[in-house]
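In what follows, a single structure is set out as structure tokens and then discussed.
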Amino acid sequence: MSIIRDPSLAPAGKRKIEWVKGFMPVLSQIKDQFEKDKPFAGLRISICLHLEAKTAYMAQVLAAGGAQVAITGSNTLSTKDDVCAGLAESGEIAVYAYHDATEEEYWDHLKKALEFKPHIIIDDGGDFVSMLHGDCAEYAEHLLGGCEETTTGINRLRARVRENSLTFPMMAVNDADSKHLFDNVHGTGQSVWDSIMYTTNVMLTGRDVVVAGYGFCGKGVAMRAKGLGAKVIVTEINPWRAMEAVMDGFRVMKMDDAARIGEFFVTVTGNKDVITKRHYEVMRHNAFLSNAGHFDVEFSKPDLAAMATKIDNRRPFIEGYHLPDGRILNVLAEGKLVNIVAGNGHPADIMDMSFALQVMGCKHIVENGKTMAPGLYNVPIELDRQIAIMKSQAMGLGLDVLTGEQEEYFYGTGE
């Protein structure tokens, strides 16, 4: 039995799911094949992802493949109640989530999804994995393995591998080219600025923007800001990425210096305390602080709260922190993922590839999980390439094909 906020919202949620289907041709093609082959017949799959329309459609694709599916949200503020209602209405998929759940409710919803005793998990940030190695270890008795969606989750998995504490195989979906080259760069880049501009109603052109971190997500955020006419500064700890940012046309400096200049700050590092008290002390009045990393720790909210004489809601998803000298610093989306909490998340046509990788990763685990030792695995290159070819075809792209002689030149002796 599902646990959702308001079943009466189901019609609106179903319309949202139906809308994104029209922009996810790869996932739809896979769904058609799954309906014929039923690769998940008799199996249970538990999902912990941002629970909005695109995720809901992926859950339906897995169900079409014969799976029993339980789903919960990986972020309480990104969960859409209408989508939860629309997904739960038929009773075929168990939904345990609602918007703005308390922390206790959040963990209870995750536990409900794991009580399902899944054969496969799809995780976002590593919370499922953490629970299955802790208080919920008993629910892993049938587990074949799982897939991880995010950079942060994979970092947590790599830590477990180093400690030799990961007890089942996991697929590093985020590291596949069909994911990070598109979802992380273009999905994050577009959705971050869509959300910030809609939330603030402030023009970006001519503004000073500080992007903390120049990984795949940071590259997308910086590139889109530049395209919208902003003056972009990048902060980095990695010398190669710093040089890459400069050669891509951005200024690079320490956060201590950038803090004095920036009007918009976007953290995309995956680490904590990138912006702290000493940075707040020198920021400009009305600066905007937003985070596009997984957890809400990249800029220190405790430091800012301790400095503030008053905190108020200035607009939806904008909290104003009033400082003793009269300055106000604006925190967007409570420091959580600004593009999902205060916006619609990544575009459907980008998530088409990411979620195609997820469902095909699940199929790979069904076919190979019993012979896979515990550990972190890359998505097989053949599967990654298959998704890319399907997407290219759906986009109407014409691809050249190597002749036999060219293949021999590339992959043979070259003589």
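The values are calculated or read from the model by the stated rules, or taken from the named source; none is laboratory data. Just so we're clear, the structure is a prediction, and the values are computed from it rather than from any experiment. No Cβ is skipped: glycine too gets one built from the backbone with ideal geometry, and neighbour counts run over all protein chains shown. Areas reflect the complete protein model, heavy atoms only, side chains present, ligands, DNA and RNA absent. Shrake-Rupley method; radii C 1.70, N 1.55, O 1.52, S 1.80 Å.
Numbers for the structure displayed
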item	result
Number of the condition not met by PRO118 [criteria: (1) open to solvent by less than 10 Å² (accessible area, probe 1.4 Å); (2) assigned to a loop (DSSP other than H, G, I, E, B); (3) within 25 Å of ASN184 (Cα to Cα)]	(3)
Filter result (hydrophobic (A, V, I, L, M, F, W, C), more than 16 Å from GLU319 (Cα to Cα), open to solvent by less than 30 Å² (accessible area, probe 1.4 Å) and not in a loop (DSSP other than H, G, I, E, B)) within segment 249-300	MET255, ALA258, ILE275
Residue ID - nearest to ASN378 (Cα to Cα), chosen from residues in segment 186-205 that are open to solvent by 20 Å² or more (accessible area, probe 1.4 Å) and within 15 Å of the chain's Cα centre (by Cα)	HIS186
Whichever residue in segment 71-93 is open to solvent by less than 20 Å² (accessible area, probe 1.4 Å) and over 19 Å from the mean Cα position of the chain (by Cα) and, among such residues, is farthest from GLU18 (Cα to Cα)	ILE93
Selection count where residues are of a type in the set (Phe, Trp, Tyr) and within 17 Å of LEU43 (Cα to Cα), scope segment 93-132	1
Output for segment 55-70, where each listed residue is outside any loop (DSSP other than H, G, I, E, B) and open to solvent by 10 Å² or more (accessible area, probe 1.4 Å)	GLN60, ALA63, ALA64, GLN68
Top-ranked residue of segment 206-246 - restricted to ones that are open to solvent by 40 Å² or more (accessible area, probe 1.4 Å) and acidic (Asp, Glu), ranked as nearest to ILE318 (Cα to Cα)	GLU236
Members of segment 327-352 found to be of a type in the set (Lys, Arg) and over 13 Å from ASP296 (Cα atoms), listed by number	ARG327
Filter pass, LEU304 being without any contact (Cβ under 8 Å) to a residue 40 or more places away in the chain and not polar (S, T, N, Q)	yes
Residue check, LYS111 outside any loop (DSSP other than H, G, I, E, B), basic (Lys, Arg) and crowded, with 23+ Cβ neighbours inside 10 Å	no
Selection within segment 121-143 - open to solvent by 30 Å² or more (accessible area, probe 1.4 Å) and either at positive phi or part of a loop (DSSP other than H, G, I, E, B) (or both)	HIS133, GLY134, ASP135, GLU141, HIS142
In segment 149-175, residue surrounded by the fewest Cβ atoms within 10 Å (Cβ to Cβ) [restricted to those that are modelled with pLDDT under 95 and in a loop (DSSP other than H, G, I, E, B)]	THR150
Count of residues meeting criterion [assigned to a helix (DSSP H, G or I), free of Cβ contacts under 8 Å to residues at least 40 places away in the same chain and of a type in the set (A, V, I, L, M)] in segment 176-208	3
Filter pass, ASN378 being surrounded by fewer than 16 Cβ atoms within 10 Å (Cβ to Cβ), touching a helix residue (DSSP H, G or I) at 6+ places or on another chain (Cβ under 7 Å) and not small (Gly, Ala, Ser)	yes
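Rundown of residues vs (1) in contact with a Cys (Cβ under 9 Å, 6 or more places away or on another chain); (2) over 30 Å from GLY361 (Cα atoms), yes/no style:
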{"position": "PHE168", "(1), (2)": "no, no"}
{"position": "VAL173", "(1), (2)": "yes, no"}
{"position": "TYR198", "(1), (2)": "no, yes"}
{"position": "VAL202", "(1), (2)": "no, yes"}
{"position": "ASN238", "(1), (2)": "no, yes"}
{"position": "GLU244", "(1), (2)": "no, yes"}
{"position": "VAL266", "(1), (2)": "no, yes"}
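To keep it simple, each residue is scored yes or no on (1) at pLDDT 95 or above; (2) of a type in the set (A, V, I, L, M, F, W, C); (3) surrounded by 23 or more Cβ atoms within 10 Å (Cβ to Cβ); (4) closer than 23 Å to LEU51 by Cα.
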residue	(1), (2), (3), (4)
ILE311	yes, yes, no, no
ARG314	yes, no, no, no
LEU332	yes, yes, yes, yes
VAL341	no, yes, yes, yes
ASN344	no, no, no, yes
PHE355	yes, yes, yes, yes
